[in-house]
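No value in this document is a laboratory result; all are computed from the given coordinates. Model, not experiment: these values are computed from the prediction. For neighbour counting, all protein chains shown are included, and Cβ atoms are generated from backbone atoms with ideal geometry for every residue, glycine included.
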Amino acid sequence: MRKPVYLNQLGIVCALGAGRDEVRQALFAKTHGGVAPVEEALPGRVLDLGRVTVPLSNVEALPTAWRSRNNAMLLTALAQIRNEVDSAIARFGAERVAVVLGTSTSGIAEAERAMFEHERVGALPGDFHLGQQEMGSPAIALSWLLGVRGPAYVISTACSSSAKALASAARLLRAGFCDVVICGGVDTLCQFTVAGFSALDSVSAARCNPMSANREGINIGEGAALFVVSREPGPVRLEGWGESSDAHHISAPDPSGRGALAAMRQALQRAGTMPGEIDYINLHGTATPQNDAMESVAVHALFGSGTPASSTKPLTGHTLGAAGAIEAAIGWLTLNENPQGYLPPHWWDGMADAALPVLDLVEPGRRLGRPVRRMLSNSFAFGGSNAALVLAAAGENA
């Protein structure tokens, strides 16, 4: 029998705050936090964004090629678990520790600023390096900073990136390539993504409204979540994962939901879990017309309308490549030190879309009255890249 894979420690920073306690308090609050209007998001437009406002870690210790706001966000999450990371490296050795991350922006913001400066003065700024925008930068920088020598790489499959990174970490552990994986995701706001999604008519100027008849699009967000993943027992177990590819359209999901359904079924099968054993579903829930329609069809086909579900993107914004890890972190907080079983709320206007199957959307303050045992988290991306994770409280049978 294969040994279970555990999510031992969590560092997190997002629009809800920094650190487990602050994010937990904001997540389960009965008032709305997180996403807020930002005036300078795009020229001439005020948009609601999930922006991180806490001070970020200094990146001066990194070589110039790896200095970016994206890596500063990552190091902010790392600082919260640095003692546990260093302890794991000391126990297992640097060559047995891997780094696997998801991102979709890396240092694009630094490239934007360099281009604007070049246009203004005719030269790139002295502190700009092409390496800042490489997708592999977060994993290379973190591996270098920690001095570890295991596999180090980034997965960049748009909004499924860091959910797939967690699945990849589990495979590395089960294959025996390492004993510990520092794993998660990071993405930061930049005009490239905000303007790009705006050009697709996928951005809502106001707070996003998932599953509503009035939904108009996403709020882009930023943040980082970082786990220590190992076979050592911890508070939350990564019980199963599923991945599929629609190959339906470059940006639109397959409206039948077949790919999403395949990923969820694969995750449950790998976990050895039946749909009725899932206490809560964290929806991808972008609040775009096509994604919500597809996901509601897929979720209803597998779970019916009786399993509590919510989209937490009105709180964090859609953090793109970091979304899978941040929403796994929300699952970690829901499964751990939550004796009353409070569930992440679904913030919306309550105006159900009659064209969508009915789901049991979680109202603020709702709780199970017992600890949450198992949950499923969905991440669906451009190009039909689908990922689903099953997380379980460590007390559940492995």
* Could you please state, rounded to a whole Å, how far the C-alpha centre of the stretch 274-306 is from the C-alpha centre of the stretch 255-271? => 11
* Asked: Between His249 and Leu200, what length comes free when the chain is fully extended (0.36 nm per residue of separation minus the Cα-Cα distance, one decimal in nm)?
  -> 16.3 nm
* **Prolate/oblate/rounded call for the stretch 39-108, Cα gyration tensor, a/c under 1.5 rounded** => prolate
* Structure fact -> Rounded to whole angstrom, the alpha-carbon centroid of the stretch 185-252 lies from that of the stretch 347-361 at a distance of 20
* So if we plug the beta-carbon distance of Ser87 and Phe192 into 1/(1 + (r/R0)^6) with R0 = 41 Å, what FRET efficiency do we get, rounded to 0.05? -> 0.60
* Segment Thr31-Glu112, length gained on full extension (0.36 nm per residue, minus Cα span) -> 25.6 nm
* Among Asp127, Asp187, Asp279, which comes first, then next, by fewest other beta-carbon atoms within 10 Å? -> Asp127, Asp279, Asp187
* To do: Please turn the phi angles of the stretch 171-178 into ³J(HN,Hα) values with the Karplus equation 6.51 cos²θ - 1.76 cosθ + 1.60 (θ = phi - 60°), one per residue in order, whole Hz, x for glycine and proline.
  => 5, 4, 5, 5, 7, x, 6, 7
* Given the chain, what percent of its DSSP beta bridges are antiparallel, to the nearest 5? -> 70
* Please get the size of the charge dipole for the chain, origin at its Cα centre, with Cβ charges of +1 on Lys and Arg and -1 on Asp and Glu, quoted in debye to the nearest 20. => 1120
* Structure fact -> Taking a straight Cα-to-Cα line shorter than 24 Å from Lys164, and setting aside same-chain lysines fewer than 8 residues away, one finds Lys3, Lys313
* To do: Please give the contour-minus-distance gain from Leu368 to Glu95: 0.36 nm per residue of separation, less the Cα-Cα distance, rounded to one decimal in nm.
  => 94.0 nm
* Structure fact -> Fewest-first ordering of Met375, Met294 by Cβ atoms within 10 Å yields Met294, Met375
* Burial ordering of Trp347, Trp332, fewest other beta-carbon atoms within 10 Å first -> Trp347, Trp332
* Asked: Each label point is 7 Å from the Cα along the Cα-to-Cβ direction; what then is the distance between the points at Arg174 and Asn58, in nm?
  -> 4.3
* **Helical mean residue ellipticity (222 nm; -39500 (n - 2.57) per DSSP H run of 4+; nearest 500) of the chain** => -10000 deg cm²/dmol
